[in-house]
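A.B. asks: Following this message is one structure expressed as structure tokens.
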Amino acid sequence: MKYIIAPSILSADFGNLQHDIEMINQSDADWFHVDVMDGVFVPNISFGFPVMAAVKKHATKPLDVHLMIVEPDKFIPEFAEVGADRITVHYEACTHLHRTIQLIKSSGCKAGVALNPHTPVSLLQDVIEDLDLVLIMSVNPGFGGQAFIYNTYKKIKDLKLLIQGVNEELIIEVDGGVSLQNIVTLVSAGANAFVAGNAIFATDNPTETIAKMKSLTVSNFTI
């Protein structure tokens, strides 16, 4: 099994973004994680299409785009056009979730659904076969640097049970409070993709931190 490290550019140095993008390109990371926030679904605002296009221009690894926005269907085609490889929408933001998933796929991207900490994984039962990725939020979305919510481990295990015999290739991604201290336990619970922001960019040597995260997942739980 491949374990994926996806540094969140929300925690990068915006004054020197190209430098941090090149760092990720040259590191052991697998994806760029791009958090898009609208100030409505979550109490913060982040990247729009121009920043996405700028990241894509320099990135040599896939863009894992996480839409923390209301009415995502309005914007999915344009995010695909400016370089998203994977687009994840929130269950809580989608009135017609199946339709949204199909829109992502028809736009040429892999489709993911994110769940806020209070949302049970059982609500995905009717669409789980259609998904490429489920993102478990291990903090309340909107801000970096929050404390990890312990119930995340149970949700990962519940999701592993849900996909057995149905969609076992599904990527289980965790976002929020992921660090060198808990990544092994997250792998043990069943996760195989990890978003990390401050835990990477706030260190003295982000490249080395990414390498340590990668080595911890591979050396402890190679399947």
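A.B. asks: Filter the range 22-68 for residues that are aliphatic (A, V, I, L, M), out of contact with any Leu (no Cβ under 6 Å at 6 or more places or on another chain) and either surrounded by fewer than 16 Cβ atoms within 10 Å (Cβ to Cβ) or not in a helix (DSSP H, G or I) (or both) and give the result.
C.D. replies: First, the residues of the range 22-68 that are aliphatic (A, V, I, L, M): 23-24, 29, 34, 36-37, 40, 42, 45, 51-55, 59, 63, 65, 67-68.
Next cut, out of contact with any Leu (no Cβ under 6 Å at 6 or more places or on another chain) only: 23-24, 29, 37, 40, 42, 45, 51-55, 59, 63, 65, 67-68.
Those that are aliphatic (A, V, I, L, M), out of contact with any Leu (no Cβ under 6 Å at 6 or more places or on another chain) and either surrounded by fewer than 16 Cβ atoms within 10 Å (Cβ to Cβ) or not in a helix (DSSP H, G or I) (or both): 29, 37, 40, 42, 45, 53, 59, 63, 65, 67, 68.
A.B. asks: Another question, then. I'd like the residue in the range 28-79 that is charged (D, E, K, R) and within 18 Å of residue 92 (Cβ to Cβ) and, out of all such residues, is modelled with the lowest pLDDT. Steps first, please.
C.D. replies: First, the residues of the range 28-79 that are charged (D, E, K, R): 28, 30, 35, 38, 56-57, 61, 64, 71, 73-74, 78.
Narrowing the set further to residues that are within 18 Å of residue 92 (Cβ to Cβ) leaves 35, 38, 71, 73-74.
Details: 35: 93, 38: 90, 71: 96, 73: 97, 74: 96.
Checked the range 28-79; the qualifying residue modelled with the lowest pLDDT is 38.
A.B. asks: Sticking with this one: Name the residue that is nearest to residue 217 (Cα to Cα), counting only residues in the range 157-187 that are touching a residue at least 40 places away in the same chain (Cβ under 8 Å) and within 16 Å of the chain's Cα centre (by Cα).
C.D. replies: Of the residues in the range 157-187, the ones touching a residue at least 40 places away in the same chain (Cβ under 8 Å) are 162, 170-171, 173, 175, 178, 187.
Cutting the leftovers down to within 16 Å of the chain's Cα centre (by Cα) gives us 170-171, 173, 175, 178, 187.
Working: 170: 18, 171: 15, 173: 13, 175: 16, 178: 12, 187: 7 Å.
Here the residue is 187.
A.B. asks: When you look at residue 134, is it surrounded by 20 or more Cβ atoms within 10 Å (Cβ to Cβ), of a type in the set (A, V, I, L, M), touching a residue at least 24 places away in the same chain (Cβ under 8 Å) and touching a His at 6+ places or on another chain (Cβ under 7 Å), yes or no? Explain how you work it out, then say what you get.
C.D. replies: Details: surrounded by 20 or more Cβ atoms within 10 Å (Cβ to Cβ): yes; of a type in the set (A, V, I, L, M): yes; touching a residue at least 24 places away in the same chain (Cβ under 8 Å): yes; touching a His at 6+ places or on another chain (Cβ under 7 Å): no.
No, not satisfied.
A.B. asks: Something else: Among the residues of the range 188-223, which ones are surrounded by 22 or more Cβ atoms within 10 Å (Cβ to Cβ), under 24 Å from residue 128 (Cα atoms) and either among the β-branched types (Val, Ile, Thr) or free of Cβ contacts under 8 Å to residues at least 40 places away in the same chain (or both)?
C.D. replies: Within the range 188-223, 195 is the sole residue that qualifies.
A.B. asks: What are the residue pairs meeting all of these: first residue in the range 18-36, first residue free of Cβ contacts under 8 Å to residues at least 24 places away in the same chain, second residue among the β-branched types (Val, Ile, Thr) and surrounded by 20 or more Cβ atoms within 10 Å (Cβ to Cβ), Cβ atoms under 6 Å, and 6 or more apart or on different chains?
C.D. replies: Here the result reads none, with nothing in the range 18-36 linked to a residue that is among the β-branched types (Val, Ile, Thr) and surrounded by 20 or more Cβ atoms within 10 Å (Cβ to Cβ).
A.B. asks: Mind checking whether some residue in the range 112-132 is outside any helix (DSSP H, G or I), hydrophobic (A, V, I, L, M, F, W, C) and touching a Pro at 6+ places or on another chain (Cβ under 6 Å)?
C.D. replies: Within the range 112-132, the first condition is being outside any helix (DSSP H, G or I), and the residues that meet it are 112-120, 125-127, 131-132.
From what's left, hydrophobic (A, V, I, L, M, F, W, C): 113-115, 127, 131.
Checking the rest, the ones that are also touching a Pro at 6+ places or on another chain (Cβ under 6 Å) come to none.
Within the range 112-132, none of the residues are outside any helix (DSSP H, G or I), hydrophobic (A, V, I, L, M, F, W, C) and touching a Pro at 6+ places or on another chain (Cβ under 6 Å).
A.B. asks: I'd like to verify a number: residues in the range 153-187 that are of a type in the set (Asp, Glu) and surrounded by fewer than 17 Cβ atoms within 10 Å (Cβ to Cβ), how many? Outline the logic, then answer.
C.D. replies: Here is the first cut: in the range 153-187, the residues of a type in the set (Asp, Glu) are 158, 168-169, 173, 175.
With the extra rule that they be surrounded by fewer than 17 Cβ atoms within 10 Å (Cβ to Cβ), the set shrinks to 158, 168-169.
Adding up the residues that qualify gives 3.
A.B. asks: Taking the range 80-89, which residues are touching a Ser or Thr at 6+ places or on another chain (Cβ under 9 Å) and either free of Cβ contacts under 8 Å to residues at least 12 places away in the same chain or surrounded by fewer than 24 Cβ atoms within 10 Å (Cβ to Cβ) (or both)?
C.D. replies: 80, 81
A.B. asks: Determine which single condition residue 13 fails, assuming it passes every other condition in (1) over 18 Å from the mean Cα position of the chain (by Cα); (2) over 29 Å from residue 184 (Cα atoms); (3) not hydrophobic (A, V, I, L, M, F, W, C).
C.D. replies: (2)
A.B. asks: Among the numbered conditions (1) surrounded by fewer than 18 Cβ atoms within 10 Å (Cβ to Cβ); (2) over 22 Å from residue 20 (Cα atoms); (3) touching a helix residue (DSSP H, G or I) at 6+ places or on another chain (Cβ under 8 Å), tell me where residue 74 comes up short.
C.D. replies: So residue 74 meets the others, but not (3).
A.B. asks: Report, by residue number, each residue of the range 145-156 that is among the hydroxyl-bearing types (Ser, Thr, Tyr) and more than 15 Å from the chain's Cα centre (by Cα). Please lay out each step first, then the result.
C.D. replies: Just the residues of the range 145-156 that are among the hydroxyl-bearing types (Ser, Thr, Tyr), to begin with: 150, 152-153.
Listed by number, the residues that qualify are 150, 153.
A.B. asks: Something else about it: Considering only the range 137-147, how many residues are surrounded by fewer than 17 Cβ atoms within 10 Å (Cβ to Cβ) and without any contact (Cβ under 8 Å) to a residue 40 or more places away in the chain?
C.D. replies: Going through the range 137-147 one residue at a time, the tally reaches 3.
The values are calculated or read from the model by the stated rules, or taken from the named source; none is laboratory data. A quick note: this is a predicted structure, and the numbers were derived from the prediction, not measured. As a convention, Cβ positions derive from the backbone with ideal geometry for all residues, glycine included, and neighbour counts pool all protein chains shown.
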